[in-house]
Amino acid sequence: MKVPPPPSGKVELPVALSLALLADMLRIRRMEEKCAELYGEGKIRGFLHLYIGEEAVAAGAMRALAPEDNIVATYREHGHALLRGVSMDRIMAEMYGKREGCSGGRGGSMHLFDAAARFYGGNAIVGGGLPLAAGLALAAKLKKESRITACFFGEGAVAEGAFHESMNLAQLWRLPVAYFCENNLYAMGTALERSESQTDLCAKAASYGMATLKADGMDVAAVHKTAQRAREHVATKGPVFVEFQTYRFRAHSMFDPELYRDKGEVEAWKERGPLHTFSARLKAQGDLTEGRFLELDRAAQAEVDKAVAFAEAGTREPAEDLAKDVTTPS
Amino acid sequence: MIEFKMPSLGADMDEGKLLEWKVKPGDTVKRGDLVAVVETPKAAVDVEIWQEGVIEELVAKPGETVPVGGVLAHLRGAAEPKEAPAKPAAEPEPRPEAKPAPAPGATRHLVSPAARKHARELGVDVEQLPGSGPHGAVTVEDVENAAKGAPKKEAAPPPDKLAAMRKAIAAAMSRSKREIPHYYLSQAIPMQRAADWLTAQNEKRPVADRLLMGALQLKAVALALKDFPDLNGFWRDNALQPAPGIHVGVAISLRQGGLIAPAIHDVAELGLDELMKALADLVRRARAGSLRSSEMSDPTVTVTNLGDQGVDAVFPVIYPPQLAIVGFGRLAPRPWAEDGMTGAVPVVVASLAGDHRASDGHRGARFLAALAALLQEPEKL
Amino acid sequence: MSAISYREALRLALDEALEKDERVFLMGEDVGRYGGTYAVSKGLLEKYGSERVRDTPLSELGFVGAGIGAALGGMRPIVEVMTVNFSLLALDQIVNTAALLRHMSGGQFSVPLVVRMATGAGRQLAAQHSHSLEGWYAHIPGIRIVAPATVEDARGMLGAALADPDPVLVFEYPALFETKGEASGGKVDIASSKVRREGSRVTLVTYGGCLPKAMQAAEQVDGEVIDLRVLRPLDMAPVVGSLKKTRRAVVVDEGWRSGGLAAEVMARIMEQAFYELDAPVARVCSEEVPVPYAKHLEEAALPQTEKIVAAAQGLFA
């Protein structure tokens, strides 16, 4: 596949918002780099799916959503949880399997949850969150609430029946749900064109009569504006499907030797990296100085250090409590 | 390769103990040959073989307990070569057919978990206790009975064999009373003509060949049953299964206690002399403990006669899965009116217990009437 | 109080639930216009409208998942999956989401979802429409499995299921739809198993569509019949109590024998009542074949009264 040129041109956003988006992306990046390191040390176990390279999607989208909205995400959801307001401390503690984690240590990397943030997980079944999001939207509609539900998922999910059933239900019932597809071109190791007869993802959603949008997922400004339009459409008209074209810089998970893609392709996409292209554009238009960048980076790094300390200091749930939270205590 | 298996010698038999082989490897056997002696809870039984061929291997060893259907021996059929044509100098193949696993309970005295617990509480030694449960397992009831001090240990010899027979009778009779809705009918039958005829017959015969009234009664029962397939056969799988022949089980009480009811085959077809011989032979062998397997498994109806003990009438319990049992009380003079004359004539009370699932009282009554009529014409028997 | 049918009891329960709580809505294939495949929801669309009696596409995975989402969003959905056979298409959402969410979220999100489905064979519907898979679902922690076998339970269990903060799967038995009985309308629990007939010789443990067969068998063998009612979590106390009296048990289960619910009940008897037993525990299950179409073969494949009687009698020497 031909790699498009890096995002360029003027960033048409208020400076404060631009810097906030940059800070968001930096927080995810630094947190996840640390996660990779901690995985190597054996502090984090299980599956660990890193979002590095894709940060612009979560950053741009989250700031387009309202606090009352519901979020449904996938197993590559550290960034979404963080930007939705789940503290890095509690995310890190969760990955450590500590009681102080946002899921009490029961979920781990793939199952971050937070009721206060209306963050409904953390679903490790590909496509599993899509019907759930439709249902959350149905409840909001029946209760005449103004909230929408934003559902993040990868392009691998479009092969699942759950995707098609959810598209149909959402459009049939005009549910207030935004389906945000993070198309990073690979379902684990299988390239889109090797798994789909129709590679135009918007065409799939459109076949259900659903409104569709598309944006460069490496350009946080473009993501943000598109997500704003999407939320507006959902809140007033009905469901929408948005394709964000992005790229994962690291392996699918910590078990992945990356035999399926070319190092050259990865390097070419890194040229399009959301952090350095966005900061370069901000610097070019005078909205960002190197000093300010370093300041944001140091803050992110400090947050990571604090989160690691918090997780390290966390406590282990006693095994006697094992049966807790399987069902609601009567 | 033909397998000769432990036969079922009665509905209540789950396993049998091989006592003795009457053949050895290399012997040629044909249908009906007696090849082994097997001990069942009721008796030692000579087992016939229903296949033909040459004994290849005796799988079971004397003393071994084998479940019904378990392989006792392998036979080579007449047409089979002695050995499968083997590749020359081929390495010996492992024989896949392993010996049958020892029957459950063959080596272990079965005690139900509840009985074991209860026995501990009551201080009863379960290992010495005969069981009445499934596969002969000791149950709570057995333990409770033992705790009440029921059977003394130094009872009649051999206690375990007797107990086993008692147990088998208990099981069969309990099943009968649990499953079979019995109806009972009885009819007093004047026996003057039969008695006169018998006296006349026996006067002509040497003592050894004399006929007994019991033989007459057996024959009459068998002939009467010809028209009553619903009284001669079995109740199986919720359906009446009439028997093709009339094989009358004769209830024989054993001296050491207990009861056995082996069959005389095709009684209706036997002449009275043959029947008398068969009856005498059967009683002798039953008491000697050498019955044939087919005699144990084949009865299609049972006759019990307790007249010798002085009872007027018998109200017997059907031996499942049979459909009926006929009882005879004592033959004794009673006042009897016939053709307006009253006199004392020998009378016997014949009774019938029938399985109400298979037949109704109306049928049973007609059977007794037919039996009575046959006994009025003894010369035709 | 007059007798009503099991089917009428189910409808009455739905009607009462919709009437009582604004958050309750019914969703499923043909529950509205059609009136429900088994006519259980007949008339409810007219009474409550299409928002609350909601027809869905043939999309079991989608609408069961949507039910989970709606439950999370504050509603009390009753999702009807026409039959257990089709629930296999929704298995992922039931097992991977509904059952796990509370646990995975460290207790933050309960899923107050009710899924109803018809189950069982006996109507010559052939292999793909005759499954009895309650035992599969009962394997899964995080969901409650209930099996109303009486008219009273058919009416009462739905309300109890809706009151449960966690997912409840209600298995309904078309084989029982025409049975008549009294339904008080009072509260019933979805926690206990119950003695349906007292007896002294053998304990017959069953649930759902096999209950009438077990009751008939009990007449012949002096059996004590226990209706499990709730298949997860199992309430073994009445079973153990009964065994102390009878010391013998037959478990009757329309599911297949291997790895089935009957096996679980038997295992628990071993664990909890081993020393009460006078005979090995027996079971009567469906034969290990797909359920055939031909009537005589279907009958041969399923537990029947005679098989139960025979199994019970086999526990005695």
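Read-outs throughout are calculated quantities, based only on the coordinates presented, and are distinct from any laboratory measurement. Owing to the predicted nature of the structure, the values given are computational and were not obtained by experimental measurement. So basically every Cβ, Gly included, is an ideal-geometry build from the backbone, and we count neighbours across all protein chains shown.
The table that follows gives values for the structure above.
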{"quantity": "Prolate/oblate/rounded call for the stretch A:180-330, Cα gyration tensor, a/c under 1.5 rounded", "calculated": "rounded"}
{"quantity": "Neighbouring partner chain Cβ atoms per residue of A:322-330, average, 10 Å criterion", "calculated": "6"}
{"quantity": "Cross-link reach list, aspartates and glutamates versus A:K2, counting only Cα pairs under 16 Å and skipping chain neighbours closer than eight places", "calculated": "A:E193, A:D200, A:D216, A:D262, A:E265, A:E267, A:E271"}
{"quantity": "Listed residue pairs exceeding 27 Å between alpha carbons, taken from B:K5/B:K30; B:K277/B:K380; A:K225/A:K283; A:K204/C:K42", "calculated": "A:K204/C:K42"}
{"quantity": "Residue exposure sequence - A:S166, A:S195, C:S41 - by fewest surrounding Cβ within 10 Å", "calculated": "A:S195, C:S41, A:S166"}
{"quantity": "Loop GluC sites (Glu not before Pro), the stretch A:222-299 (other Cβ atoms within 10 Å of the site Cβ: 15 or fewer; DSSP)", "calculated": "A:E258, A:E271"}
{"quantity": "Computed E for A:A20/A:D305 - FRET, C-beta separation, R0 30 angstrom, nearest 0.05", "calculated": "0.90"}
{"quantity": "The stretch B:211-262: trypsin sites (Lys or Arg not before Pro) in DSSP coil with no more than 14 other Cβ atoms inside 10 Å", "calculated": "B:K226, B:R255"}
{"quantity": "Per-residue ³J(HN,Hα) for the stretch C:35-41, Karplus 6.51 cos²θ - 1.76 cosθ + 1.60, θ = phi - 60°, Hz, x for Gly and Pro", "calculated": "x, x, 3, 9, 6, 6, 9"}
{"quantity": "C:Y293, A:Y247 arranged by Cβ crowding within 10 Å, fewest neighbours leading", "calculated": "C:Y293, A:Y247"}
{"quantity": "Inter-label distance for C:Q216 and C:A300, nm, one decimal - labels placed 7 Å from Cα along Cα-to-Cβ", "calculated": "1.9 nm"}
{"quantity": "Electrostatic dipole magnitude of the stretch C:22-99 [Cβ: Lys, Arg +1; Asp, Glu -1; Cα centre; debye, to 20]", "calculated": "240 debye"}
{"quantity": "10 Å Cβ neighbours from other chains, averaged over peptide C:72-82", "calculated": "4"}
{"quantity": "On Cα atoms only, tilt of B:113-122 relative to the major axis of chain B in degrees", "calculated": "80 degrees"}
{"quantity": "Inter-chain shielding of A:169-179 (mean C-beta neighbours from other protein chains, 10 Å cut-off)", "calculated": "2"}
{"quantity": "Nearest-ten-degree value, helix B:213-225 long axis tilted from longest Cα axis of chain B", "calculated": "80 degrees"}
{"quantity": "Unit charges at the beta carbon, dipole of the stretch B:182-380: most positive-side option, B:L259, B:T304, B:A358", "calculated": "B:L259"}
{"quantity": "Dipole magnitude of the protein assembly as shown, debye to nearest 20 (Cβ charges: Lys/Arg +1, Asp/Glu -1, about Cα centre)", "calculated": "1080 debye"}
{"quantity": "Pairwise label distance in nanometres, A:E33 with C:E22, each label 7 Å out on the Cα-Cβ vector", "calculated": "5.2 nm"}
{"quantity": "Under Karplus coefficients 6.51, -1.76 and 1.60, residue-wise ³J(HN,Hα) of the stretch C:98-109 in Hz, glycine/proline x", "calculated": "3, 6, 9, 4, 4, 5, 5, 8, x, x, 7, 10"}
{"quantity": "Unit charges on C-beta of K, R, D, E only; dipole of the stretch B:182-380, Debye", "calculated": "460 debye"}
{"quantity": "Lysine pair count for the stretch C:194-313 [Cα-Cα under 20 Å; pairs on different chains or 8 or more apart]", "calculated": "6"}
{"quantity": "Cleavage-rule hits (chymotrypsin sites (Phe, Trp or Tyr not before Pro)) in the stretch C:20-111: DSSP loop, at most 16 neighbouring Cβ within 10 angstrom", "calculated": "C:Y34"}
{"quantity": "Estimated FRET transfer efficiency (A:Q198, A:A115; beta-carbon r; R0 41 Å; 0.05)", "calculated": "0.60"}
